1. Go through segment 177-204 and count every residue that is assigned to a helix (DSSP H, G or I) and buried (at least 21 other Cβ atoms within 10 Å of the Cβ).
2. Within segment 143-172, take every residue that is among the aliphatic types (A, V, I, L, M) and out of contact with any Phe, Trp or Tyr (no Cβ under 8 Å at 6 or more places or on another chain) and give me the one that is least open to solvent (accessible area, probe 1.4 Å).
3. Where in segment 50-160 are there helices (runs of 4 or more DSSP H), lying fully within it, with 3 or more residues that are in contact with a strand residue (DSSP E or B) (Cβ under 6 Å, 6 or more places away or on another chain) and under 21 Å from N185 (Cα atoms)?
4. All but one of (1) within 11 Å of L182 (Cα to Cα); (2) of a type outside the set (A, V, I, L, M); (3) in contact with an Asp or Glu (Cβ under 8 Å, 6 or more places away or on another chain); (4) without any contact (Cβ under 8 Å) to a residue 60 or more places away in the chain hold for K117; state the number of the condition that does not hold.
5. Could you tell me whether A31 is closer than 30 Å to E132 by Cβ and at pLDDT 50 or above?
6. Which of the following residues is open to solvent by 20 Å² or more (accessible area, probe 1.4 Å) and either modelled with pLDDT of 95 or more or under 30 Å from K170 (Cβ atoms) (or both): A119, A102, A112, A66?
Amino acid sequence: MKKIIIVLCMMLMSMTPIYAQEKSLTTYIGALNCFAVDDDVTLKIDIAHPKIMKVVNGNSIMATKAGQTTMKVMIDEQVYPFKVIVKKKKLVAFKDLKDRKAWIGKMNEKQAKQAYKEALVLVKQALSPNKEKTLKRLTLLLRHYFDQMATYNTKGKHYNDPYGYFVDHKVTCAGATRATGLCLNILGYRFEQVNANKYDHQWARTKVGKSYYAVDPFTYICAKEPGVRQLPKEMTSDLMDDSLFEISL
């Protein structure tokens, strides 16, 4: 199981640009920590400009100032090069989220904060200077998370809210939609739950710029609506810019 975790984390890291609000990146991304869990794996991280970002405890990275550098992650004999851009980026704090009533479900305040904390991890991995790419990355990361961590379940207390998605790991498309909505709120986007409280497939709808997007991790879809509250047919299959880290202080 440990080796599977390492492969998954490398896949996510090699495909996905990553932001972090905190100066210490240890808390927002499990990938670099996962690399060290198996005794059979040799990990080395080489950073060109340690004044911008440095290695901590051999398996974590910490950004200290804005700037650009390069990083090489070496796992056994495989080398993964990255361009690193460290910049300031502010995400929406828990107390300032806009659509609480839409995604809260049956969560109490403690559970909502825990779900927010877990959602924040994926949001930071998804961030990109390009808004559409951010939505695509978020969609695929949410789907990868479900595939690795959760099961489809209609019996749990939180199957239709973010706590079910991120903590209980028992969820339906309704829970995936509200989890997506929470993530969109963290990004600063409002969202609508299409087919809310209906016995029908559900997904998130959000406006970015002048366009409305359907964001549905369950069907791998993130694209502009072909019509009002209509789900596009094309699947999202790329995370793009697979050699770029973007980290924010």
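1. Residues meeting the conditions: 10.
2. V167
3. Filter on segment 50-160 gives 131-149.
4. That leaves (3) as the condition not met.
5. no
6. Residue meeting the stated conditions: A102.
The values are calculated or read from the model by the stated rules, or taken from the named source; none is laboratory data. Keep in mind that what you see is a predicted model, and the values were worked out from it rather than measured. So basically every Cβ, Gly included, is an ideal-geometry build from the backbone, and we count neighbours across all protein chains shown. Just the protein is used for accessible areas: all its heavy atoms, side chains included, with ligands, DNA and RNA removed. Shrake-Rupley method; radii C 1.70, N 1.55, O 1.52, S 1.80 Å.
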